[in-house]
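Peer 1: After the structure tokens below, expect a handful of questions from me.
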Amino acid sequence: MKALTTASLSPTGERLKTVFLHLLERFGPRFWWPAETPFEVCIGAILTQNTAWTNVEKAISALKGADVLTMEGIEALEAGRLAELIRPAGYYNVKSARIKEFVGWLRERHGGSLDVLFSGAWREVRRELLKVRGIGPETCDAILLYAGNKPTFVVDAYTRRLFHRLGLVPADAGYDETRLLFMTHLPGDVPLFNEYHALIVEQCKVFCRARPLCTGCPLAPQCPTSRSGGHT
């Protein structure tokens, strides 16, 4: 990533850079987020709440099969029918309501246009998005980064787990504290944040699981948890 090679980084930033480069070498580019349109990213970001991505893929496929994965298509659907289509993603009634809430807000506030939404200063857009019912920080940042190409870092449970084990955030670090680690010590670069988040997810699926698999882990040499025997 060019942003990493040209930036002057703090010692913590250098550690984050080293982690990124090791993960990139091990896993290669992840080409995330898998979506055809920014609107699909937004819907996927809501659907992925509290479920595995494989379940989201089934729900997205159902929406596409019904030819309703558009702003107008979602608007025209009854909430009950939307819930039926997204059933594979779990919590389908809650997520149906959240999708409807988001789409209604987008129509009312920005004429139904993501281009209009994302044309504003991204920090202000973030504050506005966080006021929408059902849009928490992770969903908000995923929408901004992957649909809007805005330089905000997405944090999830994987991120907190991995960087606690690496000794970079405390065990009880919340979303904002963990996000600040990246926002403060790395250049605000969309391709970097995009790839870094995707690599963290892959690392935690393969190695840094709830019960860590330290053998063969690309981060083992610099990980205090690995050196102490792999205990969280």
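Peer 1: Placing unit charges on C-beta atoms (Lys and Arg positive, Asp and Glu negative, everything else neutral), compute the dipole magnitude of the chain about its Cα centre in debye, rounded to 20.
Peer 2: Taking the Cα centre of the chain as origin, the dipole is about 680 debye.
Peer 1: Per residue, how much accessible surface does the chain expose to a 1.4 Å probe? Answer in Å², no decimals.
Peer 2: Ligands and nucleic acids excluded, the figure is 48 Å² per residue.
Peer 1: If a paramagnetic tag sat 7 Å from the Cα of Arg211 along the Cα-Cβ line, which residues of the stretch 157-172 would have the backbone N under 12 Å from that point?
Peer 2: Inside the label zone: nothing.
Peer 1: Among 174-186, 68-80, how do they line up by average Cβ neighbours within 10 Å per residue, starting with the highest?
Peer 2: Those peptides, ordered most packed to least, come out 174-186, 68-80.
Peer 1: Another question about this same structure. Mind running the shape call on the stretch 96-180? Use the C-alpha gyration tensor, a ≥ b ≥ c as the square roots of the eigenvalues: rounded below 1.5 for a/c, prolate if a/b tops b/c, oblate otherwise.
Peer 2: Prolate.
Peer 1: Classify the chain: rounded, prolate or oblate, from the alpha-carbon gyration tensor (a ≥ b ≥ c, eigenvalue square roots; a/c under 1.5 rounded; otherwise prolate if a/b is larger than b/c)?
Peer 2: It is prolate, given that a/c is not under 1.5 and a/b is the larger ratio.
Peer 1: Please determine, in degrees from 0 to 90 and to the nearest 10, the orientation of helix 38-47 with respect to the longest principal axis defined by the Cα atoms of the chain, where the helix direction is its Cα long axis.
Peer 2: 80
Peer 1: Can I ask one more? Compute the long axis of helix 92-110 from its Cα atoms, compare it with the longest principal axis of the Cα atoms of the chain, and write down the angle in degrees, 0 to 90, nearest 10.
Peer 2: The angle comes out near 80 degrees.
Peer 1: Defining a contact as two alpha carbons under 8 Å apart and six or more residues distant in sequence, what relative contact order in percent does the stretch 103-180 show?
Peer 2: In percent, rounded to a whole number, it is 18.
Peer 1: Looking at this model, which pairs from Lys2/Lys58; Lys2/Lys95; Lys58/Lys131; Lys2/Lys205 are more than 31 angstrom apart at the alpha-carbon?
Peer 2: Table pairs above 31 Å Cα-Cα are Lys2/Lys58; Lys2/Lys95.
Peer 1: Measuring from centroid to centroid over Cα atoms, what is the spacing of the stretch 74-150 and the stretch 168-187 in Å?
Peer 2: About 25 Å separates the Cα centre of the stretch 74-150 from the one of the stretch 168-187.
Peer 1: Follow-up. For the chain, what does the relative contact order come out to in percent, with C-alpha contacts under 8 Å and a separation of six or more?
Peer 2: Once normalised by length, the contact order is 24 percent.
Peer 1: Defining a contact as two alpha carbons under 8 Å apart and six or more residues distant in sequence, what relative contact order in percent does the stretch 57-137 show?
Peer 2: Computed value for the stretch 57-137: 23 percent relative contact order.
Peer 1: Treating the angle as unsigned and between 0 and 90°, give the value, to the nearest 10°, between the Cα long axis of helix 175-185 and the longest Cα principal axis of the chain.
Peer 2: 60
Peer 1: Another question about this same structure. Among the aspartates and glutamates, which fall within straight-line cross-link reach of Lys150, defined as a Cα-Cα distance under 19 Å, with same-chain neighbours fewer than 8 residues apart omitted?
Peer 2: Within the straight-line limit of under 19 Å, Lys150 reaches these aspartates and glutamates: Glu36, Glu40, Asp115, Glu124, Glu128, Glu138, Asp141, Asp176, Asp189, Glu195.
The values are calculated or read from the model by the stated rules, or taken from the named source; none is laboratory data. Remember, it's a predicted structure, so these values are computed and weren't measured experimentally. Neighbour counts are summed over all protein chains in view; Cβ atoms, including those assigned to glycine, are modelled from backbone coordinates with ideal geometry. Remember, those area values only see protein heavy atoms, side chains included, never the ligands or the DNA or RNA. Shrake-Rupley method; radii C 1.70, N 1.55, O 1.52, S 1.80 Å.
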